[in-house]
Amino acid sequence: MPTLLRINGFRFFFYSNENNEPAHVHVEKGSGIGKIWLEPSVAVSYFRGFSSSEQNSIMDVIDEHSSNFKKKWYEHFPK
C-alpha cells in the first residue's frame with residue numbers, strides 16, 4: 001500500500017491490488033477515511049469520519065497534487 005503523501009496529519013495512499021479500478025487515492029487521518037476518484041474526473045467516492053473542514057482540506061490537497069498522484073498510480077500500475 002504505497003503512501004503518496006503525508007500532509008497535515010493526512011495520509012494519501014492506494015492499495016496495490018486495485019489496478020482493476022480507475023485511478024483514485026485513499027486518505028486517512030485518525031478514524032477518518034475516504035476515497036477520491038482521480039479519473040475520469042476528480043470526484044469523491046466517500047468520506048467517513050471527516051468534518052466538513054477536513055473534507056475541504058483534503059480536496060485542496062487533491063487539487064494541488066492530483067497530477068502527481070496519477071503519475072504515481074501509472075508508475076505502479078502500468079497500462
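Readers should treat all values here as calculations from the given coordinates under stated rules, not as data from a laboratory. A quick note: this is a predicted structure, and the numbers were derived from the prediction, not measured. As a convention, Cβ positions derive from the backbone with ideal geometry for all residues, glycine included, and neighbour counts pool all protein chains shown.
For this structure, a couple of remarks:
- For the pair Asn17 and Lys79, the difference between a 0.36 nm per residue extended length and the Cα-Cα distance amounts to 20.9 nm.
- Neighbour counts of other Cβ atoms within 10 Å put Trp73, Trp37 in the fewest-to-most order Trp37, Trp73.
- Take the Cα of Arg6, step 7 Å toward its Cβ, do the same at Ser31, and the gap between the two points is 2.3 nm.
- For the chain, the residue among Met59, Ala23, Ala43 whose Cα projects farthest onto the positive side of the dipole built from Cβ charges is Ala23.
- Ascending count of other beta-carbon atoms within 10 Å, so fewest first, for Phe10, Phe69: Phe10, Phe69
- Rounded to the nearest 20 debye, the dipole size of the range 3-76 about its Cα centre is 180 debye, using +1 on the Cβ of Lys and Arg and -1 on the Cβ of Asp and Glu.
- Between amide H atoms placed 1.01 Å from N, distances below 5 Å from His24 occur with Leu38, all of them 5 or more places distant or on a separate chain.
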